[in-house]
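Right, one structure below, let's go through it.
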Amino acid sequence: MTAHVAYPSLDPSGAPATCSRRIVHDLLREELGFDGLVVTDALIMGGVQDDAGEAHAASRAVAAGCDLLLYPNDPAAALHGLEVAAGRNVGRAQLDASLARRDHWARWATPADRAKSVSDTDRSQARELADRAIHLVRGSIAPLGPRLGLAIVDDDLGGPYAPPSRQPLLDALGALGADVVVETHPSGSTRPLVIALFGDIRAWKGRPGYSQPTKDRVTQLVGAARAVKRDVLIVLFSHPRLAEQLPAGVPVLSAWGGERPMQEAAARRLVQ
């Protein structure tokens with residue numbers, strides 16, 4: 001996958017790598033001998049577009065040597081860009097080679113004798129990988145017991161794309177026999193409090209970590225729980241480095257991301 005990033009030492013023109021023939025064709029294809037598929041990063045990103053928009057970005061990417069265009073905001077404009085590139089900027093030999101690569105890997109990915117459904121083995125392996133990814137970032141976790149308070153703090157709301165549902169976490173805890181009370185405000189409960197903190201890295205946020213309201217909310221919940229001597233655990237559904245932004249002295253369990261498999265793995269870790 002190409003990056004929409006300029007590397008002046010590789011291409012002094014300042015073109016993003018996605019649109020740089022010196023990087024994609026000359027360096028990657030010719031010098032390094034890579035003959036696999038080259039896929040662009042999402043074309044909706046501003047880093048690859050200029051005043052001419054997505055059609056021009058698509059044309060430049062194909063001319064540079066990319067095989068597949070990812071996530072255009074306007075597929076019709078991207079298709080027009082491909083038609084322009086095929087007619088003016090890209091030779092027949094390059095187009096034929098690109099199509100051959102695409103067809104080869106499409107056949108490899110979908111052999112006729114392989115079932116399209118997810119097998120039990122696939123599910124088992126996915127579950128094992130998710131369980132292994134869950135790890136303690138700091139502190140220690142005492143046995144929480146089956147009665148839990150759960151506060152969901154979601155830093156992923158408000159963007160252009162809806163985040164994954166948070167219901168799988170609740171469903172998985174219930175299926176494992178946990179008695180969970182969802183807390184929307186600090187309470188005087190004696191149950192251990194699990195703070196499920198969702199905060200995936202998203203370009204639309206314009207920041208690498210949590211918003212101030214999110215951090216304030218976590219601090220409020222931790223303070224209220226400590227005031228009545230409740231055990232507190234933060235489950236971090238994001239990169240573990242973000243634990244540095246959270247209140248000190250609270251155990252933090254990293255689940256890396258907020259997708260369903262990681263929510264279910266976190267639930268299994270909480271009630272083990």
Would you please name the residue that is surrounded by the fewest Cβ atoms within 10 Å (Cβ to Cβ), looking only at residues in segment 40-77 that are over 26 Å from His104 (Cα atoms) and hydrophobic (A, V, I, L, M, F, W, C)?
Ala52
Considering only residues that are surrounded by 15 or more Cβ atoms within 10 Å (Cβ to Cβ) and in a helix (DSSP H, G or I), which ones fall in segment 1-39?
Ala17, Thr18, Cys19, Arg21, Arg22, Ile23, Val24, His25, Asp26, Leu27, Leu28, Arg29
Selection count, segment 256-272, where residues are among the small types (Gly, Ala, Ser) and out of contact with any Ser or Thr (no Cβ under 8 Å at 6 or more places or on another chain):
3
Can you confirm whether Leu70 is assigned to a loop (DSSP other than H, G, I, E, B) and within 20 Å of Phe34 (Cα to Cα)?
yes
Yes/no for Tyr210 being buried (at least 18 other Cβ atoms within 10 Å of the Cβ) and either over 18 Å from the mean Cα position of the chain (by Cα) or not assigned by TED's automatic domain parsing to the domain that holds Asn73 (or both):
yes
Given the conditions (1) in the same structural domain as Arg22 (by TED's automatic domain parsing); (2) among the aliphatic types (A, V, I, L, M); (3) touching a residue at least 24 places away in the same chain (Cβ under 8 Å), report the number of the one that Val137 does not fulfil.
(1)
Taking first residues from segment 30-59 that are free of Cβ contacts under 8 Å to residues at least 40 places away in the same chain and second residues anywhere that are assigned to a strand (DSSP E or B), the pairs with Cβ under 6 Å that are 6 or more apart or on different chains are Val39/Leu68
Regarding Gly249, is this residue surrounded by fewer than 17 Cβ atoms within 10 Å (Cβ to Cβ), part of a loop (DSSP other than H, G, I, E, B), in the same structural domain as Pro164 (by TED's automatic domain parsing) and in contact (Cβ under 8 Å) with a residue 40 or more places away in the chain?
yes
How many of the residues making up segment 147-188 are part of a loop (DSSP other than H, G, I, E, B), surrounded by fewer than 12 Cβ atoms within 10 Å (Cβ to Cβ) and not small (Gly, Ala, Ser)?
5
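The values are calculated or read from the model by the stated rules, or taken from the named source; none is laboratory data. Keep in mind that what you see is a predicted model, and the values were worked out from it rather than measured. Every residue, glycine among them, receives a Cβ derived from its backbone with ideal geometry; neighbour counts consider all protein chains shown.
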